[in-house]
Amino acid sequence: MRIRSLLPVLMVWLAVLGCDRNMEPFVPGEKPQPPDLTKIFPAGAERTAAAPREAAPTPSGGRGAAPVGGGGAAIEGTIELAAGLEGRIPPGAVLFLIARTGNPGPPLAVKRIASPSFPFAFKIGPEDRMIQAMPFVGPIQISARIDRDGNAMTRDPGDLESEVATGVEPGATDLVIEIKGEI
């Protein structure tokens, strides 16, 4: 009976001790500051903030905000399989199309295509960016990977991969990526 009366007090006490919100004390007169983003954005992402942009005209003829980190046009092409690889793609495999700028950090843009058929016509552009603030500018390395388990974070034996040997500029067309073999 006595434990039941102590239970609410014990629960409040555990909640207070268990709270780990890392709250800093309030400082009167402190000015708000933007966070330091250099710890989370890769080198090169600051190119979008280097020069202020003029507002773009809106369809109504007025001025509006320019899109952040725009960049060039989409890259288009075809992904083909090398001879003899047709039978090595299991049902449910996923094709990942990846665009990188060569900087460390996350890819510039990624497309995930479930159960692709080959040859596969692709288009990857600014609308596929991982971080919208990153500019879609070249040179861009394009790679394609057929992932058996559909998980982009795993690289298993039997996954097929290939990449374009040289960087391409946004707006490139008729690019051909031939998937030649395993990772």
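Within segment 87-115, which residues are without any contact (Cβ under 8 Å) to a residue 40 or more places away in the chain, surrounded by fewer than 17 Cβ atoms within 10 Å (Cβ to Cβ) and assigned to a loop (DSSP other than H, G, I, E, B)? Give the derivation first.
We begin by selecting, within segment 87-115, every residue without any contact (Cβ under 8 Å) to a residue 40 or more places away in the chain; these are 87, 91, 107-109, 111, 113-115.
Checking the rest, the ones that are also surrounded by fewer than 17 Cβ atoms within 10 Å (Cβ to Cβ) come to 87, 91, 111, 113-115.
Answer for segment 87-115, where residues must be without any contact (Cβ under 8 Å) to a residue 40 or more places away in the chain, surrounded by fewer than 17 Cβ atoms within 10 Å (Cβ to Cβ) and assigned to a loop (DSSP other than H, G, I, E, B): 91, 115.
Among residues of segment 149-161 being free of Cβ contacts under 8 Å to residues at least 40 places away in the same chain and either aliphatic (A, V, I, L, M) or in a strand (DSSP E or B) (or both), the one that is nearest to residue 80 (Cα to Cα) is 161.
Only the coordinates and a few stated rules stand behind these numbers; no lab work does. Keep in mind the model is a prediction, meaning the values are calculated, not measured. Reconstructed Cβ throughout: ideal geometry from the backbone, glycine too, with neighbour counts over all protein chains shown.
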